[in-house]
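Presented below is the structure to which this report refers.
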Amino acid sequence: MSVNLKINGIDVVAEEGATVLEAAKSVGIKIPTLCFMENCNKVAACRMCVVEVKGMKNYMPSCVTKVREGMEVITESEDLLETRRRNMDLIFKHHNTKCEYCSRYADCELHEVLRYLGMSEHPYEKGIKAEPDISTKAIVRDNTKCITCRRCVSTCSKIQGMNVLKAFNSAGKTYIGTEGSMLESGCTLCGACLMACPTGALSEFTTSPDVSFILRNKKGKRVVAVVAEEAAKRVGELFYEKDPAASEKKLITALKLIGFDAVYKKETYSKAHYCPSVRNMAKQKFPELVDKLFDQETMRPYEAIRRAEENSYVVAITPCIAEKGEENIADYILTTRGVAALFRHQCVSRFTANELWKDMEPGSYDCLENIAINLKENNRNSVYGLKNVEQALNEVREGLLDLDSIELYACPKGCMYGSGQPRR
Amino acid sequence: MWPNNTYNENEYCKLQLKGRILSQKNVWDAVKKAIEGNEESIALLKESGLIGRGGAGFPLGLKWESVRNEDSDEKIVVCNASEGEPGTAANAILFQENPEAVLAGIAICCHLVRANKAYIYLRKKYMVFAEKLRKILLEKKEYFDGIEVVVFEEPGGYVCGEETALLETLEGSRGEPRLKPPYPTVSGAFGKPTVINNVESFANVPFIINNGVDEFKSIGTENAPGTKLYTISGPVVNPGVYELEIGLTLGELLKKAGGLKTGTLKGMQLGGASGIFVKEDSLDKIFAPKAEGVNFGVGDIRFITDQESIPQIAYELVGFFADESCGVCIPCKYGLLDVKDKLESLIDKDKQPEEYSSILNSCKYINQSARCAMGQAASGCLTSALSVFPDEFKNLIEGRNLF
């Protein structure tokens, strides 16, 4: 069934049950959104996407308003723009605007909408106090930057099935948080929330300044990198290098250029499940399966290199946030975004990283003897996302599924789109 | 200001006048009659023109009929006694004076819509009635055959009185209003078709079943027959709850409350704390649902004399609503705080006063884009205070040394 409506005077044919936002998008009309996430967060909290519907007294949020036959919608008017601007003002009144120090400075979605609304300044004083929660040393939750859009809450509950992040308190004091600190809350550190966050309220615990420091102060030690394939293939995106193979090779050169003494590839083994976030979840919900899931081999991707490089600083480069919460993996753990940040720190005095990246020669990995690399066999079914993992493990518990036939990943799209990877 | 609505602590939490609903008897006979009448009983309720007493004024018969027609194994009835609005005490008085009428109304509803579960949703302060209600339920359990009745304590605040926020809390979630559609009559608590009505609406049902449509319609207005429990507050001689026929003028209601104690009348706020303000020249207007120039709401009137300051009242109101917002949408959560700050700048002589038009605009934008009726009503009552008494606000600004 299709429905005929008018958006800004244009005739639009939409599927029955579609939202006004979808109908507008189908004809190329952009409506700004903040809290909206497809198939996940539809709370209509931010009121950025409000539109005028003929016959309705108040403005309607287009992300949840369904199309109706004969509906007439206006998406742009001075008053609508002013309504959105007012709401943006209110968001900014309660938002930490030390933006230049924020990890999301370059890709903040709040800024994107702000520019769309054509706002040049906001009329409010700043002054919000809250200590960021850094208890996990992997995910940082800074409520001074939170706009309570609920994207993380929906992701945590609906997609990952964990229900760790919740809304607390009410009215102007409403905040998003966890019961106790994040470390005590049962968070598995999957990092899906951090990928959902439109601002810098949820971000990774950054170690790039520390790595930058040891690269400048080696104290006679070697600094070596262990690079995960998924990170290497996508890091180039942050420097306009779209080809994954070229990205991987250039990363090696780039790391050596900024002072790494050796660059190894991270080995993967076929027998063990690895995802640390899945293990964190299993410890809580499937304690009897933990030993079976994660044998002593689990940490081996880093162990061999650490043994060979005993007196070196080992820096792991990974697409994973959860690895940051693991002990004894490496001396420092950098995500893909973190390594890009490191790259910018180190290159800043000589040339811009983008230009350097463009002209870079491809390099190749260093090899350790007697180490088998990439033993992973690809005949297992991958299960992505904690909610699906939980379902699969329930089946394992009931004896319906063989643990050796599946490969478990906490991230909804697997490691290639892990929570440490470039955002878009 | 509106005194805190603590049961039995406020001067208006007092019964002043009993009418036919508060004093009705033989309510359990009505349950028997309704079960016998079955389909006809619903037709009777529709014909009676009884509208919900919770403020929205939706016809009760229509609501019950649509839930009855829903095809579902389980249906739920909720009696909403989350009477959180300052200046309102009708539900408390009903539970105090005639709880049996309310329970009989609930029993009738369960039988007519074929519900197997009922909740009596009490705000925390009203938990004092829980024991009494449970005792009656036990004594009259033959009327609740196959129906489980739960006395439920409201976990949150004012916003839980909004019907969909209420449903969320019944399910154990945070009290945040849902997006409509679907409406509760189709998918309410736990996804089941649900009737939600105010305490007073339920109390009217046994009367109609026992006495018939003609008797019920003999008083009241065409749009809203019957009586209403008015809560009258402010500096009147006898503040409290009055059960009177719908259709009296504001002046007559003031007279019933014994007139003013002190001062001269400046204006009124109609329909509860989220209702609109009117000037004293509205005394001859009829106070009824859908009547011109008034907002009936939950049927409350607060009389305001020249000894009170409207900006101060507005400031206290916005403080209440800003505290009670559920915290989902930006305009209500932050916008009301923003208006509160702006009003404070008028009242606090040490602050740079905000311009009148800026405050009015803030209210307008909240009203336009708030997510549920609470944000809209809160900004609506402020808009009305600002536009009915503009001089009071402007005088505060003009009399000041601007820096």
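Express the relative contact order of chain A as a whole percentage, based on alpha carbon pairs under 8 Å and six or more residues apart in sequence. Before the final figure, lay out each step's value.
Details: 766 pairs, mean separation 61.8, N = 424.
Reported as a whole number, the value is 15 percent.
Express in nm, to one decimal, how much length is gained between A:Leu81 and A:Lys54 on full extension, taking 0.36 nm for each residue of separation and deducting their alpha carbon distance. Before the final figure, lay out the partial values.
Working: separation 27, 0.36 × 27 = 9.72 nm, distance 1.69 nm.
Gain on stretching A:Leu81 to A:Lys54: 8.0 nm.
With both bridge residues required to lie in chain B, what share of the DSSP beta bridges run antiparallel, to the nearest 5%? Spell out each step's value before the answer.
Numbers: 19 of 41 bridges.
The antiparallel proportion sits near 45 percent.
With θ set to phi - 60°, apply the Karplus curve 6.51 cos²θ - 1.76 cosθ + 1.60 along the range B:73-87 and write out the HN-Hα couplings as whole Hz, x wherever there is a Gly or Pro.
3J(HN,Hα) across the range B:73-87, in whole Hz: 5, 10, 9, 10, 10, 10, 9, 8, 10, 8, 7, x, 6, x, x.
Which whole-angstrom value gives the distance between the alpha carbon centres of the range B:59-110 and the range A:145-223?
The distance from the Cα centre of the range B:59-110 to that of the range A:145-223 comes to 45 Å.
Take the Cα atoms of the range B:1-153, find their three principal axes, and give me the spread along each one in whole Å, biggest first.
47, 32, 29
Taking 8 Å as the Cα distance limit and 6 or more residues as the minimum spacing, I'd like the relative contact order of the range A:46-159 as a percentage. Intermediate results must be reported in sequence, preceding the final value.
On the way: 97 pairs, mean separation 25.3, N = 114.
Relative contact order of the range A:46-159: 22 percent.
I want the local charge near A:Ala196. Using Cβ-Cβ distances under 11 Å, sum +1 for each Lys or Arg and -1 for each Asp or Glu among the other residues.
Working: positive: A:Arg150, A:Arg151, A:Lys158, A:Arg423; negative: A:Glu109.
Its environment carries a net charge of +3.
Describe numerically, in nm with one decimal, the distance between label points set 7 Å from Cα along Cα→Cβ at B:Arg114 and at B:Asn395.
Reported label-point gap for B:Arg114 and B:Asn395 is 6.3 nm.
Among the listed pairs B:Lys125/B:Lys256; A:Lys57/A:Lys173; B:Lys228/B:Lys340; A:Lys158/A:Lys285, which are separated by more than 25 Å between their Cα atoms?
Values: B:Lys125/B:Lys256 28 Å; A:Lys57/A:Lys173 29 Å; B:Lys228/B:Lys340 33 Å; A:Lys158/A:Lys285 17 Å.
Distance filter (> 25 Å) returns B:Lys125/B:Lys256; A:Lys57/A:Lys173; B:Lys228/B:Lys340.
Return a whole-number percent for the relative contact order of the range B:173-301, with Cα pairs under 8 Å and 6 or more residues apart as the contact set.
On the way: 187 pairs, mean separation 23.0, N = 129.
Relative CO of the range B:173-301 lands at 18 percent.
Counting only other chains, and only Cβ atoms inside 10 Å, what mean value do you get across the residues of B:363-372?
Across B:363-372, the average partner-chain Cβ count within 10 Å equals 6.
Filter B:Lys63/B:Lys180; B:Lys333/B:Lys364; A:Lys93/B:Lys394; B:Lys333/B:Lys394; B:Lys140/B:Lys217; A:Lys283/A:Lys387 down to the pairs with a C-alpha to C-alpha distance above 18 Å, please.
Values: B:Lys63/B:Lys180 16 Å; B:Lys333/B:Lys364 15 Å; A:Lys93/B:Lys394 26 Å; B:Lys333/B:Lys394 26 Å; B:Lys140/B:Lys217 29 Å; A:Lys283/A:Lys387 15 Å.
Violating the 18 Å Cα-Cα cut-off are A:Lys93/B:Lys394; B:Lys333/B:Lys394; B:Lys140/B:Lys217.
Rounded to whole Å and ordered largest first, report the semi-axes of the equivalent ellipsoid of the protein assembly as shown derived from its Cα gyration tensor (root of 5λ). Before the final figure, lay out the partial values.
Values: eigenvalues 703, 212, 104 Å².
Calculated on Cα positions only, the semi-axes equal 59, 33, 23 Å.
I want to check the label-to-label distance for B:Lys351 and A:Asp291. Put each point 7 Å from Cα in the C-beta direction and report it in nm to one decimal.
6.4
Using C-alpha positions alone, give me the convex hull volume of chain A per residue in cubic angstrom.
180
Work out the FRET efficiency for B:Glu139 and B:Glu74 from their Cβ-Cβ distance, taking R0 = 30 Å, and round it to the nearest 0.05. Present the calculation step by step, with values, prior to reporting the outcome.
Numbers: r = 26 Å, r/R0 = 0.87.
After rounding to 0.05, the efficiency reads 0.70.
Once amide H atoms are placed 1.01 Å from N in the peptide plane, what residues at a sequence separation of 5 or more from B:Ile196, or on another chain, have their amide H within under 5 Å of its amide H?
B:Val78
Under a 5 Å amide H to amide H cut-off, with H placed in plane at 1.01 Å, what residues pair with A:Cys411 once short-range neighbours are removed?
Residues meeting the amide H criterion: A:Gly385.
Note the full-extension length gain between B:Glu171 and B:Asn38 as 0.36 nm times their separation in residues minus their Cα-Cα distance, in nm to one decimal. Please list the in-between numbers first.
Working: separation 133, 0.36 × 133 = 47.88 nm, distance 3.01 nm.
The B:Glu171-B:Asn38 span can extend by a further 44.9 nm.
Please give the Cα centre distance for the range B:19-34 versus the range B:296-363, rounded to the nearest Å.
Their Cα centres are 43 Å away from one another.
Just to confirm a number: summing +1 for Lys and Arg and -1 for Asp and Glu over residues other than A:Glu52 whose beta-carbon lies under 14 angstrom from that of A:Glu52, what do you get? Write out the running numbers ahead of the final one.
Numbers: positive: A:Lys6, A:Arg47, A:Lys54, A:Lys57, A:Arg84; negative: A:Glu72, A:Glu76, A:Glu78, A:Asp79, A:Glu82.
The answer is 0.
For A:Tyr264, what charge total do you get from the other residues with a beta carbon under 10 Å from its beta carbon, if Lys and Arg give +1 and Asp and Glu give -1?
Details: positive: A:Lys265, A:Lys266; negative: A:Glu267, A:Glu309, A:Asp366.
Charge balance in the 10 Å sphere: -1.
What FRET efficiency comes out for the pair B:Glu252/A:Asn354, r = Cβ-Cβ distance, R0 = 45 Å, nearest 0.05? Don't jump to the answer; show the numbers that get you there.
Details: r = 79 Å, r/R0 = 1.75.
Calculated transfer efficiency: 0.05.
Using modelled amide H (1.01 Å from N, peptide plane; none on Pro or chain starts), what sits under 5 Å from the amide H of A:Gly363, excluding residues fewer than 5 places away?
Result for A:Gly363 returns A:Lys250, A:Ile252, A:Thr253.
Give me a comma-separated list of calculated 3J(HN,Hα) values for the range B:193-205, in order, Karplus coefficients 6.51, -1.76, 1.60 applied at θ = phi - 60°, integers in Hz, x for any Gly or Pro.
Whole-Hz 3J(HN,Hα) from phi for the range B:193-205: x, 9, 9, 10, 9, 6, 3, 5, 4, 4, 5, 6, 5.
Which whole number gives the average count of other chain Cβ atoms within 10 Å of the Cβ atoms across peptide B:56-66?
Numbers: counts 0, 0, 0, 0, 0, 0, 0, 0, 0, 0, 0.
Across the residues of B:56-66, the mean count of other-chain Cβ atoms within 10 Å is 0.
Quickly work out the A:Glu131-to-A:Phe168 label distance, labels modelled 7 Å from Cα along the C-beta direction, and quote it in nm with one decimal.
Each label point lies 7 Å from its Cα, and together they span 1.3 nm.
Of all DSSP beta bridges located in the protein assembly as shown, what percent are antiparallel, nearest 5?
Around 45 percent antiparallel, to the nearest 5.
Along the range B:46-60, what does the Karplus equation 6.51 cos²θ - 1.76 cosθ + 1.60 (θ = phi - 60°) give for ³J(HN,Hα), rounded to whole Hz, x for Gly and Pro?
5, 5, 5, x, 5, 9, x, 9, x, x, 7, x, 7, x, 5
Let's test the formula: R0 of 41 Å, r as the Cβ-Cβ distance of A:Val27 and B:Phe190. What FRET efficiency results, to the nearest 0.05? Walk me through the numbers on the way to the answer.
Details: r = 39 Å, r/R0 = 0.95.
Efficiency for this residue pair is about 0.60.
The numbers here are math on the coordinates, done by the rules we state, and not lab data. Predicted, not measured: the structure shown is a model, and the values here were computed from it. With ideal geometry, Cβ positions are generated from the backbone for all residues, glycine too; neighbour counts draw on all protein chains shown.
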